[in-house]
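Student: Starting off with a structure, shown below.
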Amino acid sequence: MYDPTVARLTYRALLGRRRALVLGALPLLLIVIAVAVRALAGADDQTAANVLGGFALATMVPIIGVIAGTGAIGPEIDDGSVVYLLSKPVKRSTIIFTKLIVAIASTMAFSAVPTLIAGLILNGNGQQIAVAYTVAALVASIAYAALFLLLGTASRHAVVFGLVYALVWETLFGSLVPGARTLSVQQWALAVAHEVAGGDLVTSDVGLPAATVLLVLVTVAATWYAGQKLRALTIAGEE
Amino acid sequence: MTTLSIDHVSRWFGNVVAVNDITMTIGPGVTGLLGPNGAGKSTLINMMAGFLAPSTGSITLDGQPVWRNEQIYRHIGIVPEREAMYDFLTGREFVLASAELHGLGAKAAQKALATVEMEYAQDRKISTYSKGMRQRVKMAGALVHEPSLLLLDEPFNGMDPRQRMQLMDLLRRMGDEGRTVLFSSHILEEVEQLAWHIEVIVAGRHAASGDFRRIRRLMTDRPHRYLVRSSDDRALAAALIADPSTAGIEVDLTEGALHIQAVDFGRFTALLPKVARDLGIRLHTVSPSDESLESVFSYLVAA
């Protein structure tokens with residue numbers, strides 16, 4: 001299921017190009033914000049929850065997910081170098097699964113780790129807020145990576161669609177239309193975080209059972225469908 | 001014995017028919033797929049390589065379908081035309097990755113790099129390679145598992161004459177070993193130098209198939225048109241028309257040139273310089289006026 005060679009190629013493609021700079025910029029911004037807030041406002045649980053919920057989980061995690069998820073396969077399909085993978089006797093499902101693992105690991109490294117650091121800076125993990133949001137970022141990383149990997153396999157405009165989903169759907173619709181929140185990776189991850197933190201500082205519109213089912217369902221379905229897409233991927237000539 | 005069978009294969013993209021009902025069998029030895037640019041060669045090769053589904057018809061390798069069958073790549077090596085590779089890798093890393101994806105190791109990779117004579121640059125990044133070097137590293141990646149079928153899309157594009165000769169030697173050797181080698185080209189001379197067997201594709205159709213000598217003769221027997229400028233056009237015209245190798249000559253006063261129609265290509269090309277020398281006429285321009293590949297091919301299709 002997991003091919004170390006495919007993984008190595010994917011890591012190098014993902015972290016070797018300019019993408020690595022973009023991947024690093026947002027976490028850096030989060031930590032700068034955390035330091036500034038702590039210095040200006042002091043340690044406050046509500047403020048910590050606002051920064052981690054409003055910026056880290058709502059904005060940074062999905063954007064990192066878009067970059068890592070689509071970046072794990074999209075550029076290869078765009079420039080056609082994916083033929084060097086596809087012309088090998090390696091199962092398409094193995095290629096997708098391996099790329100998913102790489103995308104998840106990258107998203108987690110660039111989103112969950114800085115979330116934890118920022119949380120510790122903001123209020124020293126008071127009321128388990130730092131850990132709760134870190135867990136939420138870890139959970140969301142899995143679903144985002146799977147969703148955006150599928151998008152990278154299916155569309156040439158994966159980054160645009162991914163950003164529209166991440167910013168417009170998750171952030172804008174989520175706050176305007178109550179129903180949209182039920183179908184939001186962010187809310188599902190928050191349901192898990194709520195279990196960790198307890199109390200009212202971390203809340204979700206979705207219950208834990210529903211959130212767990214939806215998270216698993218979306219991740220599995222997106223991965224399976226990406227595998228199907230790759231099996232039938234057409235590589236047109238340059239004529 | 002590896003035989004690739006293309007059976008009534010068509011492929012269209014929307015309203016455009018790229019490949020139109022082609023049936024052919026590619027057996028061991030070197031086969032050249034010849035056709036002008038845009039004839040559908042790449043589309044056909046992509047279908048042979050399992051990268052594209054035929055709209056109708058089927059392609060099989062020794063009875064096994066190539067589409068949606070990744071295990072078939074144990075037997076196929078592919079050298080794509082497009083330039084994009086994993087540019088961030090070194091040549092050695094690229095070939096090693098190819099070997100590993102076939103379940104092979106560093107030894108197979110090193111052997112393939114030696115075969116294409118790229119060991120000297122194997123530790124440089126692919127992004128620094130010339131087109132010919134890229135082509136050879138692609139070749140090493142395709143050879144690493146010693147496939148019985150090798151597909152190459154325009155492999156000589158961008159190569160200098162020496163690299164071209166090296167690659168030709170390599171492909172010839174593979175054909176002699178009994179492998180099935182198919183390469184596409186839009187340059188007749190390339191195909192003629194290398195292929196034992198030629199398949200000609202024009203406008204998506206299978207136009208001719210067979211021994212290159214027969215096809216070459218079809219191409220050289222047709223009337224050739226030349227544009228000639230000289231120090232004395234009329235004297236030259238009079239001397240040329242006396243010979244049976246010339247069917248007609250027009251003196252173009254506005255152009256200041258002769259339009260000559262030759263029917264015996266070999267004889268005419270020997271005659272022209274001889275006549276000019278004997279009469280003391282200087283030749284300023286001798287250019288074939290319909291040598292564009294398209295006209296050669298349309299002549300072939302009509303034959």
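The values are calculated or read from the model by the stated rules, or taken from the named source; none is laboratory data. Computed from a predicted structure; not experimentally measured. All Cβ positions, even for glycine, are placed from backbone atoms using ideal geometry, and neighbour counts span all protein chains on display.
Student: Identify, from the list A:Ala72, A:Ala25, A:Ala49, the residue that is within 18 Å of A:Ser141 (Cβ to Cβ) and in contact (Cβ under 8 Å) with a residue 24 or more places away in the chain.
Tutor: So the residue among A:Ala72, A:Ala25, A:Ala49 that is within 18 Å of A:Ser141 (Cβ to Cβ) and in contact (Cβ under 8 Å) with a residue 24 or more places away in the chain is A:Ala72.
Student: Can you confirm whether B:Arg173 is in a helix (DSSP H, G or I), under 21 Å from B:Thr2 (Cβ atoms), without any contact (Cβ under 8 Å) to a residue 12 or more places away in the chain and in the same structural domain as B:Met48 (by TED's automatic domain parsing)?
Tutor: Considered against the rule, which asks whether it is in a helix (DSSP H, G or I), under 21 Å from B:Thr2 (Cβ atoms), without any contact (Cβ under 8 Å) to a residue 12 or more places away in the chain and in the same structural domain as B:Met48 (by TED's automatic domain parsing), B:Arg173 comes out as yes.
Student: Next question, about the same structure. Being more than 24 Å from the chain's Cα centre (by Cα) and outside any strand (DSSP E or B): is that true of B:Arg68 here?
Tutor: Here the answer is yes, as B:Arg68 does meet what is asked.
Student: Give me the helices (runs of 4 or more DSSP H) completely within region A:50-108, filtered to those with at least 2 residues that are within 14 Å of chain B (Cβ to nearest Cβ) and closer than 22 Å to B:Gly103 by Cα, ordered by residue number.
Tutor: Once the helices (runs of 4 or more DSSP H) in region A:50-108 are filtered for at least 2 residues that are within 14 Å of chain B (Cβ to nearest Cβ) and closer than 22 Å to B:Gly103 by Cα, what remains is A:83-86, A:92-107.
Student: Against the conditions (1) within 30 Å of B:Asp278 (Cα to Cα); (2) at pLDDT 90 or above, where does B:Leu150 fall short? Just the number, please.
Tutor: (1)
Student: Hey, can you tell me all the residues within region B:62-93 that are among the aromatic types (Phe, Trp, Tyr) and at the interface with chain A (Cβ under 7 Å from one of its Cβ atoms)?
Tutor: Once the filter is applied, which keeps residues that are among the aromatic types (Phe, Trp, Tyr) and at the interface with chain A (Cβ under 7 Å from one of its Cβ atoms), region B:62-93 yields B:Tyr73, B:Tyr86, B:Phe88.
Student: On the given criteria, is A:Ala103 modelled with pLDDT under 95 and touching a Gly at 6+ places or on another chain (Cβ under 9 Å)?
Tutor: So A:Ala103 does not fit the description; no.
Student: Are any residues in region B:12-54 surrounded by fewer than 21 Cβ atoms within 10 Å (Cβ to Cβ), out of contact with any helix residue (DSSP H, G or I) (no Cβ under 9 Å at 6 or more places or on another chain), within 11 Å of chain A (Cβ to nearest Cβ) and in a loop (DSSP other than H, G, I, E, B), and if so, which ones?
Tutor: Once the filter is applied, which keeps residues that are surrounded by fewer than 21 Cβ atoms within 10 Å (Cβ to Cβ), out of contact with any helix residue (DSSP H, G or I) (no Cβ under 9 Å at 6 or more places or on another chain), within 11 Å of chain A (Cβ to nearest Cβ) and in a loop (DSSP other than H, G, I, E, B), region B:12-54 yields only B:Gly38.
Student: Kindly indicate whether B:Val9 is at the interface with another protein chain (Cβ under 10 Å from one of its Cβ atoms), in contact with a helix residue (DSSP H, G or I) (Cβ under 7 Å, 6 or more places away or on another chain) and crowded, with 20+ Cβ neighbours inside 10 Å.
Tutor: no
Student: If you take the residues in region A:150-161 that are in a helix (DSSP H, G or I) and free of Cβ contacts under 8 Å to residues at least 40 places away in the same chain, which one is surrounded by the most Cβ atoms within 10 Å (Cβ to Cβ)?
Tutor: The qualifying residue surrounded by the most Cβ atoms within 10 Å (Cβ to Cβ) is A:Phe161.
Student: Could you please let me know if B:Gly57 is part of a loop (DSSP other than H, G, I, E, B), at positive phi, assigned by TED's automatic domain parsing to the domain that holds B:Val181 and not β-branched (Val, Ile, Thr)?
Tutor: no
Student: Identify all residues within region A:70-114 that are within 13 Å of the chain's Cα centre (by Cα) and among the β-branched types (Val, Ile, Thr); write none if there are none.
Tutor: Within region A:70-114, A:Thr70, A:Ile101, A:Val102, A:Ile104, A:Thr107, A:Val113 qualify.
Student: Being of a type outside the set (Lys, Arg) and in a loop (DSSP other than H, G, I, E, B) is the filter here; which residues of region B:71-90 pass it?
Tutor: Within region B:71-90, B:His75, B:Pro80, B:Glu81, B:Glu83, B:Ala84, B:Met85, B:Tyr86, B:Asp87, B:Phe88, B:Leu89 meet the criteria.
Student: Still on this structure: Would you check if there is a residue in region B:129-141 being crowded, with 23+ Cβ neighbours inside 10 Å, facing chain A (nearest Cβ under 9 Å) and in contact (Cβ under 8 Å) with a residue 40 or more places away in the chain?
Tutor: Scanning region B:129-141, I find at least one residue that is crowded, with 23+ Cβ neighbours inside 10 Å, facing chain A (nearest Cβ under 9 Å) and in contact (Cβ under 8 Å) with a residue 40 or more places away in the chain, so the answer is yes.
Student: Of all the helices (runs of 4 or more DSSP H) wholly in region A:162-239, which have at least 2 residues that are at pLDDT 85 or above, within 14 Å of chain B (Cβ to nearest Cβ) and in contact with a helix residue (DSSP H, G or I) (Cβ under 6 Å, 6 or more places away or on another chain)?
Tutor: The qualifying helices (runs of 4 or more DSSP H) are A:208-231.
Student: I need every pair where a residue in region A:177-203 that is closer than 19 Å to A:Ala145 by Cα has its Cβ under 9 Å from the Cβ of a residue that is of a type in the set (Asp, Glu) and crowded, with 24+ Cβ neighbours inside 10 Å, sequence separation at least 6 or different chains.
Tutor: Here the result reads A:Ser184/A:Glu170; A:Val185/A:Glu170; A:Gln186/A:Glu170; A:Gln187/A:Glu170, each pair linking region A:177-203 to a residue that is of a type in the set (Asp, Glu) and crowded, with 24+ Cβ neighbours inside 10 Å.
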